[in-house]
Amino acid sequence: MKILIVDDSPSTVDQLTAILHGAGYRDLSAVTTLEEALDSLSLAAKIEVPIDLVLLDLDIAATNGIAAILSIKSHNEFQDIPIIAITKDDGTANLDQAFAAGASDYIVKPLGKTELRARVRSALQLRREMIKRMMRERELEQLARKLERMSNQDGLTELANRRCFDDALVCEWVRNGREDQPLGLLMIDIDHFKQYNDALGHVNGDGCLYAVAKALQNAVHRPGDLVARYGGEEFAIILPNTGYKGAKAVADNIHENLAKTALGHPDSTVGSNVTVSIGVASGIPTCESSPEHLLQAADSALYQAKESGRNRTEVINLPSPKSLRQ
């Protein structure tokens, strides 16, 4: 482990180095000022080989030792590095100030070999335990994020799942209403998907769902747009700050993407490839309406698209807030 000595006395540095080398500590460096100490700490952190212990003489000439400890501890990235204060003044007030500043231990001059080794060993053991704890905390944070993603993600298509869609629709409804902006919604259904499964089997059916999901995802380009698997072979797309013309343009992109994909369908009455029917709805959220109104409108438009021959888009534009108030 890396140890940094901060002391402007060459004889003290030599003594510390000899004692620590004798105890098997080889990765040592020494500086004479606070500025050099901060530079060393920063460089070590930057190359991801951080310093694990600082031995700091409270009597260095260039800087007050207590102020030096406070300065080091004021940097977030150095707060967990233990500091052992070295002092010739073992007065209670001086030691209280050192501990209050952030020192984890102290050694009184003249330096005793056994005491120094014991205190360094103890500080480094504390450092190891601290590193293990931080690594475990990071692992738990990563696991929590992974579980959160899994709880909001459809396992097959890798899109947002129904739960995530429901939450996002409410949030965007409120936000767009507050900003007096239109909210667009697409409901998408794969045409004759049951016949596809019956003809090619469920494994190929899963592949079809995944391919359609990618075509949908490639049709949107803004971070705020949400593509979700609504259930079965049905999908949904939430388009914040989007009127019916913009939502219709996204629907056109979806049809175009699927045509380019040219995923064969052996038993479709629409064509030789997999197609989708899309219902589009858009409107400005108001106190007189709700997300369910937008969802019902998009679903009604989807029904119209199916009834009109499939592989097409139908659009329903919700009444404007002005017309609702009249």
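The values are calculated or read from the model by the stated rules, or taken from the named source; none is laboratory data. Everything numeric in this text was worked out from a predicted model, so none of it was measured. Please note: Cβ atoms are built from the backbone with ideal geometry, for glycine as well, and neighbour counts cover all protein chains shown. Accessible surface areas use protein heavy atoms only, side chains included; no ligands, DNA or RNA. Shrake-Rupley method; radii C 1.70, N 1.55, O 1.52, S 1.80 Å.
What the table shows:
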read-out	value
Of residues in segment 1-11 being open to solvent by less than 30 Å² (accessible area, probe 1.4 Å) and either touching a Phe, Trp or Tyr at 6+ places or on another chain (Cβ under 7 Å) or among the hydrophobic types (A, V, I, L, M, F, W, C) (or both), the one nearest to Leu126 (Cα to Cα)	Ile3
In segment 287-305, residue nearest to His192 (Cα to Cα) [restricted to those that are in a helix (DSSP H, G or I) and open to solvent by 90 Å² or more (accessible area, probe 1.4 Å)]	Tyr303
Which numbered condition Thr269 misses (of (1) more than 30 Å from Gly155 (Cβ to Cβ); (2) touching a strand residue (DSSP E or B) at 6+ places or on another chain (Cβ under 9 Å))	(2)
Scope segment 227-241; condition within 17 Å of Ala160 (Cβ to Cβ) and in a loop (DSSP other than H, G, I, E, B); matching residues	Gly232, Glu233, Pro240
Residue satisfying condition, being open to solvent by 40 Å² or more (accessible area, probe 1.4 Å) and under 30 Å from Asp105 (Cβ atoms), within set Arg127, Arg136, Arg162	Arg136
Pairs, first under 10 Å from Tyr230 (Cβ atoms) in segment 148-163, second loosely packed, with under 13 Cβ neighbours inside 10 Å, C-beta under 7 Å, six or more apart	Arg162/Gly231
In segment 273-284, residue nearest to Gly205 (Cα to Cα) [restricted to those that are open to solvent by 10 Å² or more (accessible area, probe 1.4 Å) and in contact (Cβ under 8 Å) with a residue 24 or more places away in the chain]	Thr275
Exclusive hit being surrounded by fewer than 18 Cβ atoms within 10 Å (Cβ to Cβ), touching a helix residue (DSSP H, G or I) at 6+ places or on another chain (Cβ under 8 Å) and not in a loop (DSSP other than H, G, I, E, B), set Ala211, Ala249	Ala211
Residue check, Arg162 under 36 Å from the mean Cα position of the chain (by Cα) and of a type in the set (Lys, Arg)	yes
Members of segment 198-232 that are at negative phi and in contact (Cβ under 8 Å) with a residue 60 or more places away in the chain	Asp198, Ala199, Leu200, Cys208, Ala211, Val212, Leu226, Val227, Ala228, Arg229, Tyr230
Residue match in segment 261-269 (condition: out of contact with any helix residue (DSSP H, G or I) (no Cβ under 8 Å at 6 or more places or on another chain), β-branched (Val, Ile, Thr) and under 18 Å from Lys194 (Cα atoms))	yes
Pick from segment 173-182, criterion part of a helix (DSSP H, G or I) and open to solvent by 10 Å² or more (accessible area, probe 1.4 Å), ranking: nearest to Glu314 (Cα to Cα)	Trp173
Every residue from segment 252-267 that is surrounded by fewer than 20 Cβ atoms within 10 Å (Cβ to Cβ) and in a loop (DSSP other than H, G, I, E, B)	Ala262, Leu263, Pro266, Asp267
Among the candidates Val270, Val220, residue that is assigned to a loop (DSSP other than H, G, I, E, B), more than 35 Å from the chain's Cα centre (by Cα) and surrounded by 16 or more Cβ atoms within 10 Å (Cβ to Cβ)	Val270
Residue, farthest from the chain's Cα centre (by Cα), within segment 183-208, restricted to residues that are farther than 16 Å from Thr275 by Cα and open to solvent by less than 30 Å² (accessible area, probe 1.4 Å)	Gly201
